[in-house]
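Everything below concerns the one structure shown next.
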Amino acid sequence: MKIQMVLLCSMLSLVFFSGFVQANEKSPKMVLGWLESTRLMSSGMRIKTKLDPGAKTSSIQATNLKYITRGKDTYVAFDFTDENLDTGKSETHRLEGKLMREVVIKRHGAKNVTRPVVAMEFCLYHQVYKAEFSLANRGKFNYSILLGRSFLSKVALVDSSEIFLSKPYCEGNSFIQDALE
């Protein structure tokens, strides 16, 4: 009986400590397609979103930018327009995000452009993330939101042969994972 108790305690200890070691390891990353849908938390819109590990910074469609000072913090308000995948209709929302920094975009054969970078919350698969987005007029692009490698390297692997491997569902999820740069 004593030997069985010792063996049982040893096995439980092994299971407990192996779980403890695994808890301190990196979380496995999601596998997503090069095109997914995300939900902007501030507007509720579900949007087609391009995942592009070749782009360093994430970017979001923004027009009519206005800087707002609140105490020591600066925010940028902007108009966001795209098709809401839930309704199939084009919608425009006035959004805002805290100004995190400004980024200089180097363009071949043209002048460099400085863009504001703001923190925004969005739902991808079953998780709400807070990430940085440069604000740009993406009207000439097919997708109004692009997730770049600064964000993707923390949470996902991109399978370039797939699209729409996930659907955002974050209702009731109050945990916001910080994925700021």
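The values are calculated or read from the model by the stated rules, or taken from the named source; none is laboratory data. As the structure is a prediction and not an experimental result, all values here were calculated from the model. Quick reminder, even Gly has a Cβ in these numbers, built from the backbone with ideal geometry, and neighbours come from all protein chains shown. Keep in mind that these areas ignore ligands, DNA and RNA; they rest on the heavy atoms of the full protein, side chains included. Shrake-Rupley method; radii C 1.70, N 1.55, O 1.52, S 1.80 Å.
Data table
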read-out: Scan of region 148-162 for residues that are assigned to a strand (DSSP E or B) and farther than 9 Å from residue 32 by Cβ, ordered by number; value: 148, 160, 161
read-out: Qualifying residue in region 26-37 (condition: within 24 Å of residue 102 (Cβ to Cβ), among the aliphatic types (A, V, I, L, M) and at pLDDT 95 or above); value: no
read-out: Subset of region 66-92 (residues that are open to solvent by less than 50 Å² (accessible area, probe 1.4 Å) and in a strand (DSSP E or B)); value: 68, 74, 76, 77, 78, 79, 80, 82, 84, 91
read-out: Filter result (surrounded by 15 or more Cβ atoms within 10 Å (Cβ to Cβ) and hydroxyl-bearing (Ser, Thr, Tyr)) within region 129-181; value: 129, 134, 143, 144, 150, 166
read-out: Residue 121, sole failed condition from (1) in contact (Cβ under 8 Å) with a residue 24 or more places away in the chain; (2) more than 13 Å from residue 40 (Cα to Cα); value: (2)
read-out: Residues located in region 52-65, provided they are over 16 Å from the mean Cα position of the chain (by Cα) and assigned to a strand (DSSP E or B); value: 63, 64, 65
read-out: Conditions (1) of a type outside the set (S, T, N, Q); (2) modelled with pLDDT under 95; (3) open to solvent by 80 Å² or more (accessible area, probe 1.4 Å); (4) under 20 Å from residue 136 (Cβ atoms): number failed by residue 21; value: (4)
read-out: Failed item in (1) over 26 Å from residue 114 (Cα atoms); (2) open to solvent by less than 40 Å² (accessible area, probe 1.4 Å); (3) part of a strand (DSSP E or B); (4) free of Cβ contacts under 8 Å to residues at least 60 places away in the same chain, with residue 37 passing the rest; value: (4)
read-out: Single unsatisfied condition, residue 109 versus (1) open to solvent by 80 Å² or more (accessible area, probe 1.4 Å); (2) in contact (Cβ under 8 Å) with a residue 24 or more places away in the chain; value: (2)
